[in-house]
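Written below as structure tokens is the structure these notes are about.
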Amino acid sequence: MDRDLFESDHVAFRDAVRHFIERHVEKDYERWEREGLVDRTVWHAAGEAGFLGLSVPDEFGGGGAADFRYNAVLVEAFAEANALSLSSGFGLHNDVVAPYLLELGTDEQKRRWLPGFCSGDIVTAIAMTEPGAGSDLKAVRTTARPDGSSYVLSGSKTFITNGIHSDLVIVVARTDPDAGSRGISLLVVERGMPGFERGRKLAKAGMHAQDTAELIFDDVRVPRENVLGEPGAGFGYLMRNLPQERLSIAVVAVAAARAAFGWTAQYCRDRHAFGQPIGSFQNSRFQLAEMATQVEITQTYVDRCVRALNAGTLTAVDAAKAKWWATETMKSVADKCVQLHGGYGYMDEYPISRAWRDARVHTIFGGTTEIMKEIIGRDLGF
Ligand SMILES: Cc1cc2nc3c(=O)[nH]c(=O)nc-3n(C[C@H](O)[C@H](O)[C@H](O)COP(=O)(O)OP(=O)(O)OC[C@H]3O[C@@H](n4cnc5c(N)ncnc54)[C@H](O)[C@@H]3O)c2cc1C
């Protein structure tokens, strides 16, 4: 389909990302899938290529482009290459964590963290979810007790993207147990702080090269200089930044669906049964027609949201619509594509097998489909 979202600089950037994937990702990706995480060197290579901190001002070593279309191109290219563990890992770093550091960081914090963020020396994560609190963020129990010039952080987080590689983690913690959602703060925990431990690298149904992990905080002394923004204002910051995270996931989802559709359309031309290409059966033709329609219409809406984000007008409700719709589309397209591949769709030698496994979580992380519908439904006045 023709997309008028991008200009020539974005097209050139996409070529650079594709070249990077050929050079630094393709040959190792299956090994990373087996090992359960990517090599740390790919983060440095991405930093060197200028792919980390796209929106970070150049004085800190970033790309200096406050234009989300570059972020979109980056994660799309990884999704098209069936490397969703990396669209997720890099997407989390660039699209989710960077805005917190840029919008809330003091000059001193920016000087301390952003150069490493852009070079790949500092891999980041954000830790909201706990064993007992996912959708219900206000129920977080990790606490940070003020004590002199520090906070003493204790609790545990789970399902944290980049958890093993992370050097800097934005931790959502309760600094005032009696203040409800106004008692939540964002604390930056750094690798090596005594009491900060990684738990298990979690075994998952898909996204095998993504180092999703548990994090444990056992009386970690976090200096007050590591609080992001105002203490107690954390919940508001999360609500402000979640739309960009959700849009980033929607961008990945539609790119992955488009890629799955492309491989499958080709397969339907090549594979024969009963003396004809399987794509010529009416059912296959209709499935392909449905998917082509789903992908194109979804892309149009997601692109509109990218434009809105750049213009500063993307609402939480529109981001929720993009997130649930695009990820449910991704899931249903991947599933139909497996079916059209027959038994080969279930074999790892075909890309659709991994794409189907990796698609599943996208309707869950970043806010489930049900929570997205709650946001939209409440906005409708129900
Ligand atoms: C691979 C992976 C990576 C992740 N990365 C991160 C990360 O980097 N950082 C982080 O903080 N978290 C991360 N998460 C956590 C993710 O955001 C949560 O799993 C998600 O928000 C759902 O929370 P939960 O798992 O506790 O499910 P629950 O909240 O327990 O939900 C269980 C079910 O109940 C439904 N439900 C809950 N509340 C309602 C309601 N009010 N109305 C209707 N239905 C409801 C849900 O939709 C879901 O179907 C990740 C998760 C995964 C699997």
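The values are calculated or read from the model by the stated rules, or taken from the named source; none is laboratory data. Just so we're clear, the structure is a prediction, and the values are computed from it rather than from any experiment. A quick note on method: Cβ atoms are made from the backbone with ideal geometry, for glycine too, and the neighbour counts reach across all protein chains shown. Surface areas here come from the heavy atoms of the whole protein model, side chains and all, with no ligands, DNA or RNA. Shrake-Rupley method; radii C 1.70, N 1.55, O 1.52, S 1.80 Å.
Projected over every direction and averaged, the convex hull enclosing the alpha-carbon atoms of the range 208-269 yields 7.1 nm².
What pairs from 157/323; 201/321; 138/373; 331/373 go past 22 Å between their alpha carbons? Could you put the intermediate results ahead of the total?
Numbers: 157/323 24 Å; 201/321 31 Å; 138/373 18 Å; 331/373 17 Å.
Cα-Cα > 22 Å for 157/323; 201/321; rest within.
An ellipsoid equivalent to the range 133-172, defined through the eigenvalues of its Cα gyration tensor, has semi-axes of 20, 16, 7 Å when rounded to whole angstrom and sorted largest first. Restricting to the chain, compute how many DSSP beta bridges are antiparallel as a %, nearest 5. Percentage antiparallel, nearest 5: 85. Compute log10 of I(q)/I(0) for the range 218-316 with the Debye formula, placing one identical point scatterer on every Cα and leaving out solvent, at q = 0.15, 0.17, 0.21 Å⁻¹, to two decimals. The Cα Debye sum returns log10 ratios of -0.76, -0.86, -1.03.
Please go through the range 97-160 and write out the trypsin sites (Lys or Arg not before Pro) that DSSP classes as loop and that have at most 16 other C-beta atoms within 10 Å.
Numbers: sites: 110, 111, 112, 138, 141, 157; in loops: 141.
Answer in residue order: 141.
Each Lys and Arg adds +1 at its Cβ and each Asp and Glu adds -1 at its Cβ; summed about the Cα centre, the range 246-382 shows a dipole of about 80 debye.
Heavy-atom accessible area per residue, the range 118-192, 1.4 Å probe: how many Å²?
Working: 2790 Å² over 75 residues.
Spelled out: the 1.4 Å probe surface of the range 118-192, per residue, equals 37 Å².
Karplus-derived 3J(HN,Hα) values for the range 82-91, using 6.51 cos²θ - 1.76 cosθ + 1.60 with θ = phi - 60°, are 6, 10, 5, 5, 8, 4, 6, x, 6, x Hz; glycine and proline are entered as x.
Which percent of the accessible area of the chain is formed by carbon and sulfur heavy atoms (probe 1.4 angstrom)? Write out the running numbers ahead of the final one.
On the way: 8700 of 16750 Å².
Exposed carbon and sulfur together represent 52 percent of the surface.
Our coupling estimate for the range 108-125, obtained by passing each phi through the Karplus curve with A = 6.51, B = -1.76, C = 1.60 and θ = phi - 60°, is 5, 5, 4, 5, 6, 10, 5, x, x, 4, 7, 7, x, 6, 10, 8, 10, 8 Hz, Gly and Pro reported as x.
Extending 7 Å from Cα along the Cβ direction at residue 269 and again at residue 204 yields two label points whose distance is 3.3 nm.
Which value, in Å², gives the accessible area per residue of the range 17-70 when a 1.4 Å probe is used on the protein heavy atoms? Write down the numbers at each step before the final one.
Details: 2740 Å² over 54 residues.
For the range 17-70, the per-residue accessible area is 51 Å².
For the range 286-297, the Karplus equation 6.51 cos²θ - 1.76 cosθ + 1.60, evaluated at θ = phi - 60°, returns couplings of 5, 4, 5, 5, 4, 5, 4, 5, 4, 5, 5, 5 Hz by residue, with Gly and Pro reported as x. Take the alpha carbon gyration tensor of the chain, find the square roots of its eigenvalues, order them as a ≥ b ≥ c, and report rounded if a/c is under 1.5; if not, report prolate when a/b exceeds b/c, else oblate. Prolate shape, in that a/c is at least 1.5 and a/b is the bigger ratio. Extension gain, residue 147 to residue 316, is 57.3 nm, computed as 0.36 nm per intervening residue step minus the present C-alpha separation.
What's the FRET efficiency of residue 347 with residue 292 using the Cβ-Cβ distance as r and R₀ = 30 Å, to the nearest 0.05? Efficiency, rounded to the nearest 0.05: 0.75. In the range 233-342, which chymotrypsin sites (Phe, Trp or Tyr not before Pro) fall in coil by DSSP and have 16 or fewer other Cβ atoms within 10 Å? Filter output for the range 233-342: 274, 281.
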